[in-house]
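What follows is a set of notes on a single structure, which appears directly below.
All of the numbers you see were taken from the coordinates with simple rules; none came from a lab. Every value quoted in this text rests on a predicted model; they were computed, and no experiment measured them. Reconstructed Cβ throughout: ideal geometry from the backbone, glycine too, with neighbour counts over all protein chains shown.
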Amino acid sequence: MIKVVSFTICPFVQRITALLEAKRLPYEVEYISLKEKPQWFLDISPNGQVPVLITESGSALFESDAIAEYLDDAYPALEAQITAEQKALDRAWSYQASKHYLAQCSAMRSADKDTLIERMEKLAKSFAKVEKILGEGPYFKGESLSNVDMAWLPLLHRANIIRQHTCFDMVRDFPKVQAWQSALMATGIAKASVSDEFENKFTNFYLDEATYLGRELRCCKDSECQQDGNCCSQDDCCRCQSDSRESDCCDTNRCESSDVQNCCDPKARELTKSQTSNCCSTNSGC
């Protein structure tokens, strides 16, 4: 059986496990700590990075781009009879995603608003590029999933989690990307391609008190609030983001679905306006 060596929240690994899920190939995952990398891992990973994929014959492959190509060469592709030109285009658009994985990670770890806005610029430009080429969907190339979808899934999955837990939406200015994101999340591949503890570890790291998103914009920090379900769910408090009649963002202190009109924090609204004006214009390993 294929084995993937990973650590819990790596987007480069999720690209590979998402592709395995989409191809319906059986595999297992072995998680390691990147702070205490075992020697056996260093022996098979020249760069000391994940993912590493151990093939059914026992060969250890590294670099997510190379692993993705191997999975297409060794197993049935997601798309049949694809031309050489289309393969090249797919690789190019996949690279547009993977080269921004670390940019997204850096943005989410921003300690203040200005840093977040600055770091979002490259990511927003990438979303703007793909917004221009997306068709009617639901996926990148239409009705069928492709390797490009799997390459963008880690970015869109993380943006989705951030939106659910804060009033910050990385793709709010890109309606086609939003629709694509929703379609990919609906497949269940995002959830299936990560561990059961992924979201908890992800939010603990990217939405802690050291980050602007965690300190200033995170909804429902209080555990009782999280448990009673009365505030800041994506469907309730943050509904004001998608309602053009309301203000832009969600109040981190008062977020009740019965009173959406009062669910807007000036501090968060200021961030969103800055984000929109400065970096959200529509005009490979961990």
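The single condition from (1) in a helix (DSSP H, G or I); (2) touching a strand residue (DSSP E or B) at 6+ places or on another chain (Cβ under 7 Å); (3) of a type outside the set (A, V, I, L, M, F, W, C) that residue 135 fails is (1). Of 195, 182, all but one fail to be surrounded by fewer than 22 Cβ atoms within 10 Å (Cβ to Cβ), out of contact with any Asp or Glu (no Cβ under 8 Å at 6 or more places or on another chain), part of a loop (DSSP other than H, G, I, E, B) and among the hydroxyl-bearing types (Ser, Thr, Tyr); the exception is 195.
In the set (1) of a type in the set (Ser, Thr, Tyr); (2) more than 29 Å from residue 144 (Cα to Cα); (3) buried (at least 16 other Cβ atoms within 10 Å of the Cβ), the condition left unmet by residue 31 is number (3). If we keep just the residues of segment 138-173 that are among the aromatic types (Phe, Trp, Tyr) and not in a loop (DSSP other than H, G, I, E, B), which is surrounded by the fewest Cβ atoms within 10 Å (Cβ to Cβ)? Checked segment 138-173; the qualifying residue surrounded by the fewest Cβ atoms within 10 Å (Cβ to Cβ) is 139.
Taking segment 104-132 as the range and being under 20 Å from residue 160 (Cβ atoms) and outside any helix (DSSP H, G or I) as the test, the residues that pass are 109, 110. Counting residues in segment 167-184 that are in contact with a Pro (Cβ under 9 Å, 6 or more places away or on another chain), closer than 21 Å to residue 26 by Cα and hydroxyl-bearing (Ser, Thr, Tyr) gives zero.
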